[in-house]
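What follows is a set of notes on a single structure, which appears directly below.
Any read-out appearing in this document is the output of simple, stated calculations on the displayed coordinates, not a laboratory observation. From a predicted model like this one, the values you see are computed outputs, not experimental measurements. A quick note on method: Cβ atoms are made from the backbone with ideal geometry, for glycine too, and the neighbour counts reach across all protein chains shown.
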Amino acid sequence: MEINEAAAFQMTKRNAKKLRSRIVPNEVWDETSGVRFKNNMRRIILPTLIFICSVSMCFAESSRQVKIIKVQVEQEFTITLEANATTGYQWQLAKPLDEAMFQLVSSEYIADKTNRVGSGGKQVWIFKALKPGEAGIYFKYVRPWEKDVPPVKKESFLITITGNEP
C-alpha cells in the first residue's frame, strides 16, 4: 500500500494536533492511564529548597558564634555542652588550653535522666581562671577513633578574666 505525499502530510498534521492537545502548560499527561494532572512541582520544590537553605544557614551561624564568659581570677567556671555518648561522639579541646590563663578542674559526661535508649546528655567542663586577661577555649565534637574526619560541631568561648575586686 503506497501513501502519497499529501496523505502523509495530512497524517502528520493530525498527529501534531493530537500532540498539541495533550501539551498544556503546568499539566502532565500520563500516557498509560490517559489522565492529566497539574504539575505543582515548581510550587513545592522552590519554597522547600529556600526553607532548607535558610534553616541550615541559621544553624551554621549559631555554631560559629563565640560565646563570652566573664570571670574573676581564682574563680571556677563551667562550660556545658549538649552531647550524646551513645553515638560515640564526645567533646574535646580543639586547641591546647592556655595553661597560663586556665586550669582544667574536671570534665564529665552526665546522661539525661530517662529510660530511653540512645538519649543524650551533657558534657560538663569546669575550669579555674588563673590570671587577668582574655583567652579562648575551643571545642570540637568528634569520634576519637575517626582520624582525618572534620568535627560535626565546633564551639568557641572567649574568657575574660578580671582581677579580684577588693
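Look at region 116-135 and say how many of its residues are part of a loop (DSSP other than H, G, I, E, B) and under 17 Å from GLY88 (Cβ atoms).
The qualifying residues number 4.
Looking only at strands (runs of 3 or more DSSP E) that fall completely inside region 62-115, which ones have 3 or more residues that are surrounded by fewer than 13 Cβ atoms within 10 Å (Cβ to Cβ)?
The qualifying strands (runs of 3 or more DSSP E) are 66-72, 76-83, 102-111.
List the pairs whose first member sits in region 80-98 and is of a type in the set (Phe, Trp, Tyr), whose second member is assigned to a loop (DSSP other than H, G, I, E, B), and whose Cβ atoms are under 7 Å apart, counting only residues at least 6 apart or on separate chains?
From region 80-98, the pairs are TYR89/ARG143; TYR89/VAL152.
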